[in-house]
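Each remark here refers to the structure printed beneath this line.
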Amino acid sequence: AAARVTPAALAHAQQALRAAQHTQALTGASHAAAWCGLDGTVLMVREDIGRHNALDKLIGAMVRAKADPAAGFVCITSRASFEMVQKCAVSGIATLAAVSAPTALAVEVARDSGVLLLGFVRGESLVTYTYPERLI
């Protein structure tokens, strides 16, 4: 069974991710993806001008660090596309939390691939698009 997560952990992760965006602070023009523990602790962050590239860099760093994809979730500073959901699913990441909206196809792919997809994660406010039973 996929790990469950709390709105408080998601809120903590989004706040910590914003604070860890050093390139964004300098340029105002980058996206970030973070690997977070189930308590919302940001363990790893990667930034790029492209939201997909930020996620690709993060997944690569996770593989190199031998991070257990079942032991946390990914938090992103963008909307969630179906490709981003696919990358998480293939990597064994069961939860993707986005600060903005997912596309309709992202929701469909998340439902079909077992990914808990959350959007508009801002503070403890969020929208659950798939698998609401995995929120505590």
Acute angle (nearest 10 degrees) that the helix 82-91 long axis makes with the longest principal axis of the chain, alpha-carbon atoms: 80 degrees
Cα shape, the stretch 1-126, gyration tensor, a/c 1.5 rule: rounded
Angle in degrees between helix 104-113 and the longest Cα principal axis of the chain, rounded to the nearest 10: 60 degrees
Options 105, 16, 94, ranked by Cα towards positive dipole end of the chain, top entry (Cβ charges): 16
Share of carbon and sulfur in the accessible heavy-atom surface of the chain [1.4 Å probe, %]: 57 percent
Charge dipole (debye, nearest 20) of the stretch 45-122; +1 at Cβ of Lys and Arg, -1 at Cβ of Asp and Glu: 160 debye
Separation in nanometres of the label points that stand 7 Å from Cα toward Cβ, at residue 15 and residue 63: 3.4 nm
Separation in nanometres of the label points that stand 7 Å from Cα toward Cβ, at residue 53 and residue 41: 3.1 nm
Net charge of Cβ neighbours under 13 Å - reference residue 63; Lys, Arg +1; Asp, Glu -1: +3
Net length gained if the chain between residue 105 and residue 4 were fully extended (0.36 nm per residue, minus Cα distance): 34.0 nm
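The values are calculated or read from the model by the stated rules, or taken from the named source; none is laboratory data. Note that the structure is a prediction, hence the values are computed from the model and not measured. Positions of Cβ are generated from backbone atoms using ideal geometry, with glycine treated the same way; all protein chains shown enter the neighbour counts. Heavy atoms of the whole protein, side chains included, go into the accessibility calculation; ligands, DNA and RNA do not. Shrake-Rupley method; radii C 1.70, N 1.55, O 1.52, S 1.80 Å.
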